Every structure is written in C-alpha cells, then in structure tokens.
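Readers should treat all values here as calculations from the given coordinates under stated rules, not as data from a laboratory. Since this is a predicted model, take the numbers as computed values, not measurements. Because the Cβ atoms are built from the backbone with ideal geometry, glycine has one as well, and the counts that use them run over all protein chains shown.
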Amino acid sequence: MLLLASALVFAAAALPSEDISAADPFGELRGTWTKVSDAVAPVVLIIPGSGPTDRDGNSPLGISAGSYRLLAEGLGAEGIATVRIDKRGMFGSADAVLDANAVTINDYVSDIRSWVKSIRSTTGSACVWLLGHSEGGLVALATAKAEPYICGLILVATPGRPLGEVLKEQLRSNPANASILSSADAAIDTLAEGKRVNFTELPVSIAPLFDPAIQDFLVSAFTLDPAELASQVAKPILILQGERDLQIGIPDAMALKAAAPSAKLQLFPNANHVLKTVAPNDPVANVDTYSNPDLPLASGIIGAISEFVRSESTRRR
C-alpha cells in the first residue's frame, strides 16, 4: 500500500503543467493547465470559492490548504486534465479589471464561458466539466444556464440556499453577534431585493460585510437561488459535501439533490470545507487545517470525482 501511495504521489508531481489564458473584455485571465498523456482525456475547470482565493485554493486571509492544487494533482494521477484559475482582478488575472471588487456573478459567468472557449480551443475537447467549490459552485450553476459546451457539474461544498441565507446562519453561529442580527438581517434582505443599503447606518462590527464597493456583487449573489438553478440543469451533476464543513452543511447538499433528483450525492463523514480530514467536534483543529498545505485531501474525494467524470464521459460517447 505504501508503494502504491508513493507511486501516486510521484505521478502527480511529475505531471506536466503550463500557463493557460482566456480573453476578458479588459485583459487576460490566467490559470494553470495540468496535462495528462491522453490527448482526449476529460478536462475539469476548477472554479474558486469566495473572496481573494487563488488558483491553488489559497488566500491571503489565512488559507494555505492548497486544496485546488491537490485536486488537480489527484485528478491528473487518475488521467483527468484540469485547469485551475485566478479570478478576474486577482493574482495572475489582476490586469483583467481595474477593481477586483467591481464584479458580479454575471461577470464571473462571462469569464467561465471565456475559459470554456479557451480550453476547448487549446485541448480540442468537445465540452468542459465545471467543478465549483463553495461560491464557485453557484458560479458553475449560473454558467450552466448560459453555456452549451459544458459536460456536467461537480458541486463541492456548494450552498443550496441563497448566499444571504447562508450568511445569516453564519452570523447566528456566533453568540457575540446577537445584538447586530436584526441589522444584518435587514441589510441582507434589502440586498436580496436588488437594492443597496446605507453603509453608514450599519453597526461598525458588520459594516465591512456590506462595504459599498462590493454591494453590486452581493446583490448579484443574494438574488440567486442555487437550488432553483440546479433544477434547470439538464447535464450530469455530482454533489460532494463534507460532514465536518463549518461553512456549508448537509442540508445545503440535500437541497441541491432535491432540486436535481438525477444528481449524484456523496457525503464524506470526516471532510471539512477545504476538503481535509478532521476529527469530529473539534472546531479549532478543523480551522487549523485551513493553513496546512501538507495534509492530503480527505480519502475518497478524488476517486468520487474521477469515477463520475469517467462514467459520464463514457456515456456521452
């Protein structure tokens, strides 16, 4: 078993990768293409989660788990190519827009469509698999409504409710927020109605969450219902959810499954939001994994994605 594990690690490390780009109205979007030997292998596009998350799944806000890099390496070892990307205005795609905050979900959808076009042109693939993590799952769902050249969706730790409802729940999880919940709820509800909120009237402790610079983005996100979008997807869907996820829960995965009954749902009992293995009932240790790039992905995640992509790709032929 140790020899097999070592061989897989070696195979992942030896996989060739190169920079790849896609056109954006303001500049180039950039990412990393992890190649495999099979020229007609499926290609998975990894869509990052919220905030300043880079193509490897890391963030200057204290996240260095490297989850997207590990996904690319693991899938590559299974013979599946990947493209992982930097969002417009950030990291390698910094020149794609002057203000990284001045984006909406529709902008991200436009970018993913550009990536699909670039990947198909570069690799010759007829279609591209979209793997969206967290908020990236919402982007994947919104893209599926507009882009015909998608093989299917892999929704990882993806909310099954509007993001405003997720934010409400996250705020309620901290008892210290009790005094500001009514103000936060009102702001979220206003944004969900497509309206902006008066930043200066909010409690200081939550005001940064509703900074005027990001309110257009919040409106675009809060007005979308991931479950409703999932119900409109005619392509294959795989839903992956860790049971130790502190940010997105099993009810979200179940809501997506209920909206798309033909989707495949797989739960991972010991996986958290960054797809690492954690012990039950230990939130401190759970959060610690966010900054540990040396931890492997939770067992079974790569296998579940690989099996799904390969079986559905075979069915398409």
Could you state the number of Å between the C-alpha centres of the range 70-142 and the range 180-201? 30 Å
Could you list the residues of the range 157-186 with an amide nitrogen less than 11 Å from a label point located 7 Å from the Cα of Glu228 in the Cα-to-C-beta direction? 162
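Test of understanding: ordering Thr277, Thr289, Thr104 by Cβ neighbours within 10 Å, fewest first, what list do you get?
Thr104, Thr277, Thr289
DSSP loop trypsin sites (Lys or Arg not before Pro) in the range 123-194 with at most 11 other Cβ atoms within 10 Å of their Cβ, which ones?
Here the sparse-neighbourhood loop sites are Lys145.
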Can you work out the PRE-style zone for Thr314? Point 7 Å along Cα to Cβ, and I want the residues of the range 62-103 with backbone N under 19 Å. 75-81
If a/c stays under 1.5 just call it rounded; otherwise compare a/b with b/c (prolate if a/b is bigger, oblate if not). Do that for the range 249-317, with a ≥ b ≥ c from the square roots of the Cα gyration tensor eigenvalues. oblate
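Under the rule of -39500 (n - 2.57) per DSSP H run of 4 or more residues, summed and divided by the residues of the chain, what mean residue ellipticity at 222 nm is obtained, to the nearest 500 deg cm²/dmol? Mind showing how you got there, number by number?
Values: 11 runs with 121 residues, N = 317.
It comes out at -11500 deg cm²/dmol, rounded to the nearest 500.
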Where a ≥ b ≥ c are the square roots of the eigenvalues of the C-alpha gyration tensor, would you call the range 64-169 rounded, which needs a/c under 1.5, or, failing that, prolate if a/b is larger than b/c, or oblate? rounded
Ordered by fewest other Cβ atoms within 10 Å, a rough proxy for footprinting exposure, Asp54, Asp111 read Asp54, Asp111
Would you please put 150-163, 118-131 in order of how densely packed they are, using the mean number of other Cβ atoms within 10 angstrom per residue and starting with the highest? 150-163, 118-131
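To make sure I understand, if each residue's beta carbon is the centre and we count other beta carbons within 10 Å, what order do Trp115, Trp33 fall in, fewest to most?
Trp33, Trp115
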Using Cα atoms only, what is the angle between the long axis of helix 105-123 and the major principal axis of the chain, expressed in degrees (0 to 90) to the nearest 10? 10 degrees
Treat each spin label as a single point 7 Å out from the Cα along the C-beta direction, and report the Gln170 to Leu246 distance in nm. 1.2 nm
Which residue fluctuates the most in the chain, going by a Gaussian network model with Cα springs under 10 Å, if the choices are Leu141, Leu171, Leu240? Leu171
